Amino acid sequence: MIFFLSTALVVTAEVVVEIWLPGRPAYHAGWYNVTLAALAIVVVANGRKQWKAARSSRSRVAILAVAFGAAATGVAGVASGLFAPDNRDVVGAPGERVRVEELGTLAFPLAAEDRSAPVVVMLERTLHAPLEIGARARNAGSFILRAVSRDVVEVEVRDLLGNRLTVTQPSGGVFLSPVLLMQARQTIAGMNLPFDSFNVPAARRVVKAILFTPAEAAVVLHDPSAVGQAAVLFAVDDESDRPLPHHAIAFSAGGAAVHAGDLWLRGEVTSYPEIEVIAIPNIAVVAVGTLLVLGGLVGLGVRRG
Amino acid sequence: MHRYIIWPAVALALALAVYVAEPYFVTQRAAAGGPSGLAGQPAPIFDLRDDRGRSVSLREYRGSLVVMNLWASWCPPCRAEMPDLQRLAEAEAGRGIAVVGVNEGESPQRARAFADSLGIRFPIWVDGAQQYGRTYNALGLPTTVILDRQGVVIRAFDGPLTLDEMRAAVAAVRAH
């Protein structure tokens, strides 16, 4: 009986830990899931023996509850380990609504009206759930959603007369967004840096933007006023992506406006949420399974007591 | 007795396995559907200025059907479509339909010069931060969105419309 109960508890604990500490690569490893499945089978096989040997109907019910609870929890754990997708990040431009099957639609806000207020992504399902950077993760059945911070660059472009110009991102998530999500990477001077690009159709220009953290900017910039500030390197090409002959590269540190390729460019680095989607064992099944195991244990304990 | 339990237990276990594994197979990121994907949702309200610097907002148009046209001066199809929008605005004046042009990302001076050059007399708003373009998920310019009297998006069109297409869309929305 001790072996049966301890094996059931190990199975349950293993799967509960997957929810408590989600997203570890080990949960998808073959050895981990084979072990979990083997333990669940041992619980069921052993439970059958214990059930046959039980002397009262109350003990039988308790044994059945422990075996079924551990098996259900184990099935949820193995299904998640074998079939669930790896952790992934859902990145949306400000104002974009990203539909994620099963979870609903993630509505990325334009920005907080008050710059100091948190930017909240809404998970639109029957219940609207806010996802805020630093706040606790949200459970959504077989997934956990968590908002984490990423650096994005909001650009403003003007012509040399000071007239504002439209920014487009033909290859971005949102065509008319002036916010660059910086999802690509480029290596410059041995540094692997976030990179993005946008078009300025009115000026027939394509602009590449590379983001430097304050520490990286300090390596390449020798301007004392820029110390401690993130910087954006703008490289302006013509509409066919050919380099312009003169003065087409400039650094914008701390959101300062710079002149390059007949444009005034300003890049402000801001924090914006991205949503981590982490698969977990189905929380409802694990909750019911755990309650059955604990209830069965209590039932057997009372019986013995 | 256990014989009577085994098969239901196996069936229950299989159903459970399907229940817990099924979500992992259908979870995929789907592409956003462009402006027409917003049909049925309330249009966002941003406080903007028009091409003469006056404060404007969609709130002022509650009770009217609104044809919102997103455009920019560098966009040739926008230029081609504008005269038809002006004709629509004239034809529908006084019939509870408002036509509003929303310039995306340009300066008021540029927007006004463009509208004046084409003889546009319907309201021209300036959306410098491209907020409507983003929230309407415009796939390009022009983009036209029709709102009902409560400010809910009824129809949205990607690309230029002819006058006949505009009239048909307005008639359909009016009948809605």
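Every number in this text was worked out from the coordinates using simple rules, so none of it is lab data. Remember, predicted model here, so these are calculated numbers, not experimental data. Cβ atoms come from the backbone with ideal geometry, glycine included; neighbour counts cover every protein chain shown.
Starting from segment B:30-114, pick out the trypsin sites (Lys or Arg not before Pro) whose DSSP state is loop and whose Cβ has at most 13 other Cβ atoms within 10 Å. Spell out each step's value before the answer.
Numbers: sites: B:R49, B:R52, B:R54, B:R59, B:R62, B:R79, B:R87, B:R95, B:R110, B:R112; in loops: B:R52, B:R54, B:R62, B:R95.
Taking segment B:30-114 and a limit of 13 other Cβ atoms within 10 Å, the loop trypsin sites (Lys or Arg not before Pro) found are B:R52, B:R54, B:R62, B:R95.
How high is the relative contact order of chain B, given as a whole-number percent (alpha carbon pairs under 8 Å, six or more residues apart)? Walk me through the numbers on the way to the answer.
On the way: 280 pairs, mean separation 51.0, N = 176.
Reported as a whole number, the value is 29 percent.
Enumerate the calculated ³J(HN,Hα) couplings along segment A:263-268 in order (Karplus 6.51 cos²θ - 1.76 cosθ + 1.60, θ = phi - 60°), each rounded to whole Hz, writing x wherever the residue is Gly or Pro.
Those phi angles translate into 10, 9, 10, 9, x, 9 Hz.
Tell me the net charge near A:I188. Cut-off is 12 Å between Cβ atoms, A:I188 excluded, with +1 for each Lys or Arg and -1 for each Asp or Glu.
Details: positive: A:R185, A:K208; negative: A:E216.
With Lys, Arg at +1 and Asp, Glu at -1, the neighbours total +1.
Determine the shape class of segment A:169-275: with a ≥ b ≥ c the square roots of the Cα gyration tensor eigenvalues, call it rounded for a/c under 1.5, and otherwise prolate if a/b is greater than b/c, oblate otherwise. Intermediate values should be presented prior to the final figure.
Numbers: a/c = 1.64, a/b = 1.19, b/c = 1.38.
Cα axes put segment A:169-275 in the oblate bin.
Given 37 °C and 0.692 mPa s, how large is the Stokes-Einstein diffusion coefficient of segment A:90-277 in µm²/s, with Rh as the Kirkwood radius over Cα pairs? It would help to have the intermediate numbers written out before the result.
Values: Rh = 17.7 Å.
Translational D for this selection: 186 µm²/s.
For segment A:204-272, which GluC sites (Glu not before Pro) are in a loop by DSSP, counting at most 13 other Cβ atoms within 10 Å?
Those satisfying the criteria are A:E239.
Can you give me the distance in nm between label points at A:A38 and B:A15, each placed 7 Å from the Cα along the Cα-to-Cβ direction?
3.2 nm
Principal axes first, then extents: for the Cα atoms of the protein assembly as shown, list largest minus smallest coordinate on each axis, whole Å, largest first.
96, 65, 36 Å, listed from the longest principal axis down.
Please give the average number of partner chain Cβ atoms lying within 10 Å of the Cβ of each residue in B:101-108, rounded to a whole number. Mind showing how you got there, number by number?
Numbers: counts 0, 0, 2, 5, 12, 7, 7, 2.
Shielding by partners across B:101-108 averages 4.
Under 12 Å from a point 7 Å along the Cα-to-Cβ line of A:L244: which residues of segment A:179-208 have their amide N that close?
A:200, A:203-208
For segment B:35-175, what class follows from the C-alpha gyration tensor (a ≥ b ≥ c being the square roots of its eigenvalues): rounded when a/c is under 1.5, otherwise prolate if a/b is larger than b/c, else oblate? Present the calculation step by step, with values, prior to reporting the outcome.
Numbers: a/c = 1.32, a/b = 1.19, b/c = 1.11.
It comes out rounded by the Cα gyration axes.
Per residue of segment B:71-85, in order, report the coupling 6.51 cos²θ - 1.76 cosθ + 1.60 (Karplus, θ = phi - 60°) as ³J(HN,Hα) in whole Hz, putting x for Gly and Pro.
For segment B:71-85, the Karplus-derived couplings read 8, 8, 5, 7, 9, x, x, 5, 4, 5, 7, 3, x, 5, 5 Hz, x marking Gly and Pro.
Report, by chain and number, residues whose modeled amide H sits under 5 Å from the one on A:F143, excluding near sequence neighbours (fewer than 5 apart, same chain).
A:I280
Which residues does the label zone of A:D89 cover in segment A:6-27, counting backbone N under 19 Å from a point 7 Å along Cα→Cβ?
A:22-25
Which FRET efficiency, nearest 0.05, do A:R24 and B:R174 yield, Cβ-Cβ r, R0 51 Å?
Values: r = 58 Å, r/R0 = 1.13.
With a Förster radius of 51 Å, E is 0.30.
Taking amide hydrogens as modeled 1.01 Å from N in the peptide plane, which residues meet the under 5 Å criterion relative to B:E106, leaving out close sequence neighbours?
Distant-sequence amide H within range of B:E106: B:D127.
Hey, can you grab everything whose amide H is under 5 Å from the amide H of A:E96? Only 5+ residues off in sequence or another chain; H modelled, so Pro and N-termini drop out.
When sequence neighbours closer than 5 places are left aside, the close amide H contacts are A:F108.
Kyte-Doolittle mean at least 0.5 and Cα extent at least 18 Å along the axis: which DSSP H helices of chain A qualify?
Long hydrophobic helices here: A:2-20, A:57-83, A:283-304.
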